[in-house]
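Scroll down for the structure; my scribbles are underneath it.
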Amino acid sequence: MAHLRTDALPRLPSDVARPLYPREALQAGIVHLGVGAFHRAHIAVVNEAALHASGDLRWGTVGVSLRAADTRNALRPQAGLYTLALRDAGEDGRARESLQVIGNLLDVLVAPEDPHAVLERIAHPDTRIVSLTITEKGYHHNAATGALRLDDADIAHDLAHPGAPRTMPGFVVHAMNLRRNRGLAPVTLLSCDNLPANGDTLRGVVGAFAEQVDAGLHDWIETACTFPNSMVDRIVPRTTDADRARISGRLGVEDAWPVVGEPFLEWVVQDRFANGRPEWSVGGARFVEHAEPFERLKLRMVNGSHSALAYLGAMAGLRTVDRAMAQPALRAYVDALMREEIAPTLPEMRGIDLDGYRARLLQRFSNPALQHQTKQIAMDGSQKLPQRLLGTVRDRLRAGQSIDRLALAVAAWVHYLRGTDETGASHEIQDPLSAALAERLAQANAAGSVHDRVALFTGFAPVFGELGGETRFVAAVARHVGRLEAAGVLATLAGSA
Ligand code: CS2
């Protein structure tokens with residue numbers, strides 16, 4: 001089969017959408033760090049709509065992979081073209097899928113191969129926006145406090161090697177130094193990661209790194225660049241070989257690197273751009289003065305419930321989110337978690353109907369056409385729990401409210417960390433703090449009673465902060481860990497319904 005390339009576009013089936021602007025005239029106004037599936041199914045899609053509607057050709061994208069070469073290797077022979085497949089189930093329950101070939105990704109750079117090229121791209125006069133989806137761990141911060149970890153080996157490396165950094169803070173700050181020294185315009189640094197006040201978090205880690213480099217540089221970044229907060233939402237499971245084969249079959253040409261997502265998309269962005277921006281509102285983005293309330297809503301409702309479902313589902317041997325949702329006890333639990341414990345912590349927001357939001361979310365999680373793996377969501381728990389679950393726990397404890405269901409989600413993570421599910425199948429703990437977590441668990445396991453074990457484990461400050469000292473929290477988590485260990489997920493849920 002021939003490959004997806006520019007010359008294949010006119011021959012694609014007529015129901016496949018494709019770029020209709022002159023690709024060869026696109027400039028690279030955006031550098032995107034972390035050009036994974038999420039970026040290609042979210043920001044790039046909104047950007048594509050803006051290019052179609054406005055014809056403003058300043059906003060092509062150069063993607064950067066901070067680690068692996070696979071995306072570049074697959075996309076360079078395709079001139080950056082790839083297919084987005086949006087999937088859900090029709091009324092008859094059968095999967096349906098719409099295809100669009102996206103054209104605004106001009107090139108992909110692989111940072112470890114050529115860090116100089118990445119620095120020069122960010123420092124290029126055409127670059128106006130540096131956007132990021134590098135996942136929580138890419139910030140090299142303490143997830144509980146938000147502070148840059150100056151003791152991190154890669155951060156120390158990047159402070160010592162301005163010409164060959166490895167981390168996001170290293171690339172951003174050293175490239176900003178080049179821009180400032182060359183008298184170039186500042187840029188917008190746009191975080192699209194699932195972090196609370198992600199722009200402020202980015203400003204914090206970039207600022208802390210810059211301070212170590214040069215006080216003048218720090219001030220220039222602070223005053224000239226902007227760091228909008230943003231909320232991003234679209235479920236994007238990892239692409240499988242079966243997806244690749246099915247999509248290539250429909251296209252009639254081989255696409256080595258398509259992405260799959262749900263039809264739903266939201267993007268709320270604080271309208272604070274240092275050097276212009278595309279007309280992203282035509283692609284569904286919403287520009288606001290304050291994005292934090294939307295981020296909190298999304299992190300707590302979508303991601304908090306998602307993590308709860310992932311740990312409970314994975315431990316019950318349920319491989320995908322929709323299969324977890326098909327268990328009445330799990331569905332009822334997630335519904336009650338959102339309704340009873342999460343939604344009441346959220347402020348009133350004009351235009352947001354929380355009951356409708358919750359109902360739609362239950363439907364999104366039940367999408368059988370996505371096959372979203374519970375283990376994919378279970379990754380990196382130490383980086384996710386603080387903003388997804390623990391902030392909600394804190395708010396409720398402060399208000400003297402019950403945290404029973406939230407504590408079950410936290411207990412499910414602790415249960416998951418033992419590395420074997422209830423069917424006896426083992427799973428790897430993928431987490432940047434996996435070694436420290438394993439050490440803590442081993443110490444805790446020597447402690448005796450479930451309560452003492454959980455007390456020792458929740459004393460792990462990089463995740464739990466001061467919560468480890470909250471007796472109500474420790475007692476509630478311990479009660480659930482005890483039940484999960486003794487009776488398993490489904491019996492625990494049946495007991496707490
Ligand atoms: C998920 C998110 O993998 C995960 O941790 O919870 O990627 C989730 O699918 C998105 O944030 C939805 O917008």
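The values are calculated or read from the model by the stated rules, or taken from the named source; none is laboratory data. Small disclaimer: the values here were computed from a predicted structure and weren't measured. Cβ coordinates were reconstructed from backbone atoms using ideal geometry, including for glycine residues, and neighbour counts include every protein chain displayed. Please note that ligands, DNA and RNA were not included when accessible areas were found on the heavy atoms of the full protein model with its side chains. Shrake-Rupley method; radii C 1.70, N 1.55, O 1.52, S 1.80 Å.
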Suppose we keep only residues that are under 13 Å from Glu136 (Cβ atoms) and near the ligand (Cβ under 10 Å from one of its atoms) within the stretch 370-387. Which one would you say is surrounded by the most Cβ atoms within 10 Å (Cβ to Cβ)? Lys384
Going through the stretch 284-298 one residue at a time, which ones are in a helix (DSSP H, G or I), open to solvent by 10 Å² or more (accessible area, probe 1.4 Å) and either more than 16 Å from the ligand (Cβ to nearest atom) or aliphatic (A, V, I, L, M) (or both)? Glu292, Pro293
Considering only the stretch 64-85, I want to know if a residue exists there that is without any contact (Cβ under 8 Å) to a residue 40 or more places away in the chain, assigned to a helix (DSSP H, G or I) and among the hydrophobic types (A, V, I, L, M, F, W, C). no
Report yes if some residue within the stretch 31-49 is open to solvent by 50 Å² or more (accessible area, probe 1.4 Å), farther than 20 Å from Val118 by Cα and among the β-branched types (Val, Ile, Thr); otherwise report no. no
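Those residues that are part of a helix (DSSP H, G or I) and either open to solvent by 20 Å² or more (accessible area, probe 1.4 Å) or more than 23 Å from Ala343 (Cα to Cα) (or both), I need them from the stretch 388-400; list them, please. Reasoning before the result, please.
If we filter the stretch 388-400 for residues that are part of a helix (DSSP H, G or I), which is where we start, we get 388-398.
Passing the criteria: Arg394, Asp395, Arg398.
Please state which one of Ala117, Ala153 is in contact with a Leu (Cβ under 7 Å, 6 or more places away or on another chain), of a type in the set (A, V, I, L, M, F, W, C) and without any contact (Cβ under 8 Å) to a residue 12 or more places away in the chain.
Going through Ala117, Ala153 in turn, just one is in contact with a Leu (Cβ under 7 Å, 6 or more places away or on another chain), of a type in the set (A, V, I, L, M, F, W, C) and without any contact (Cβ under 8 Å) to a residue 12 or more places away in the chain: Ala117.
Those residues that are away from the ligand (no atom under 16 Å from the Cβ) and buried (at least 18 other Cβ atoms within 10 Å of the Cβ), I need them from the stretch 263-273; list them, please. Full working, then the answer.
We begin by selecting, within the stretch 263-273, every residue away from the ligand (no atom under 16 Å from the Cβ); these are 270-273.
Answer for the stretch 263-273, where residues must be away from the ligand (no atom under 16 Å from the Cβ) and buried (at least 18 other Cβ atoms within 10 Å of the Cβ): just Gln270.
Looking at Arg339, is it within 14 Å of the ligand (Cβ to nearest atom), of a type in the set (D, E, K, R) and either in a helix (DSSP H, G or I) or not assigned by TED's automatic domain parsing to the domain that holds Asp421 (or both)? Steps first, answer last, please.
Details: within 14 Å of the ligand (Cβ to nearest atom): no; of a type in the set (D, E, K, R): yes; either in a helix (DSSP H, G or I) or not assigned by TED's automatic domain parsing to the domain that holds Asp421 (or both): yes.
Spelling it out, it is not the case that Arg339 is within 14 Å of the ligand (Cβ to nearest atom), of a type in the set (D, E, K, R) and either in a helix (DSSP H, G or I) or not assigned by TED's automatic domain parsing to the domain that holds Asp421 (or both).
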Taking the stretch 410-448 and keeping residues small (Gly, Ala, Ser), in contact (Cβ under 8 Å) with a residue 24 or more places away in the chain and assigned to a loop (DSSP other than H, G, I, E, B) leaves Ala425
State all residues of the stretch 484-497 that are touching a residue at least 60 places away in the same chain (Cβ under 8 Å), open to solvent by 50 Å² or more (accessible area, probe 1.4 Å) and assigned to a helix (DSSP H, G or I); if no residue qualifies, say none. Glu485, Leu490, Ala494
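For the stretch 157-196, give me each residue that is within 16 Å of the ligand (Cβ to nearest atom) and of a type outside the set (Ser, Thr, Tyr).
Of all residues in the stretch 157-196, those within 16 Å of the ligand (Cβ to nearest atom) come to 191-196.
The answer is Cys192, Asp193, Asn194, Leu195, Pro196.
From the list Ala210, Ala160, Ala175, which residue is hydrophobic (A, V, I, L, M, F, W, C) and open to solvent by 20 Å² or more (accessible area, probe 1.4 Å)? Before you say what the answer is, go through the steps one by one.
Values: Ala210 fails: open to solvent by 20 Å² or more (accessible area, probe 1.4 Å); Ala175 fails: open to solvent by 20 Å² or more (accessible area, probe 1.4 Å).
The match here is Ala160.
Among the residues of the stretch 215-259, what is the count of those that are β-branched (Val, Ile, Thr) and either at positive phi or within 16 Å of the ligand (Cβ to nearest atom) (or both)? Working first, answer last.
Taking the stretch 215-259 and keeping what is β-branched (Val, Ile, Thr), we get 221, 223, 226, 232, 235-236, 239-240, 247, 253, 259.
So of that shortlist, the ones also either at positive phi or within 16 Å of the ligand (Cβ to nearest atom) (or both) come out as 232, 235-236, 239-240, 259.
Residues meeting the conditions: 6.
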Scan the stretch 238-252 and give yes if some residue there is open to solvent by 30 Å² or more (accessible area, probe 1.4 Å), hydroxyl-bearing (Ser, Thr, Tyr) and out of contact with any Lys or Arg (no Cβ under 9 Å at 6 or more places or on another chain), otherwise no. yes
So which of Ala442, Ala438 ends up being open to solvent by 20 Å² or more (accessible area, probe 1.4 Å) and within 23 Å of Thr145 (Cα to Cα)? Ala438
Among the residues of the stretch 354-364, write down those that are under 30 Å from Ala85 (Cβ atoms), open to solvent by 40 Å² or more (accessible area, probe 1.4 Å) and either in a loop (DSSP other than H, G, I, E, B) or more than 16 Å from the ligand (Cβ to nearest atom) (or both). Ala359
Go through the stretch 308-321 and report how many residues are within 13 Å of the ligand (Cβ to nearest atom) and in a helix (DSSP H, G or I). 7
What's the number of the condition Val410 fails, among (1) closer than 16 Å to Tyr311 by Cα; (2) open to solvent by 10 Å² or more (accessible area, probe 1.4 Å)? (2)
Go through the stretch 247-285 and report how many residues are farther than 24 Å from Arg128 by Cα, in contact with a helix residue (DSSP H, G or I) (Cβ under 6 Å, 6 or more places away or on another chain) and β-branched (Val, Ile, Thr). 3
Starting from the stretch 12-39, take each residue that is in contact (Cβ under 8 Å) with a residue 40 or more places away in the chain and of a type in the set (A, V, I, L, M) and list its partners that are within 16 Å of the ligand (Cβ to nearest atom) and open to solvent by 50 Å² or more (accessible area, probe 1.4 Å), counting only C-beta distances under 8 angstrom and pairs at least six apart or across chains. Ala37/Arg238
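For a quick check of your reading: which helices (runs of 4 or more DSSP H) sit entirely within the stretch 164-269 and have at least 1 residues that are closer than 19 Å to Leu33 by Cα? Steps first, please.
Numbers: elements: 168-181, 198-213, 215-224, 241-251.
Hits in the stretch 164-269: 168-181, 198-213, 215-224.
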Select from the stretch 274-283 the residues that are of a type outside the set (S, T, N, Q), surrounded by fewer than 17 Cβ atoms within 10 Å (Cβ to Cβ) and assigned to a loop (DSSP other than H, G, I, E, B) and list them in ascending order. Gly276
So Asn367 fits all but one of (1) away from the ligand (no atom under 13 Å from the Cβ); (2) part of a loop (DSSP other than H, G, I, E, B); what number is the exception? (1)
Restricting to the stretch 445-474, count the residues that are touching a Ser or Thr at 6+ places or on another chain (Cβ under 7 Å) and open to solvent by 60 Å² or more (accessible area, probe 1.4 Å). 0
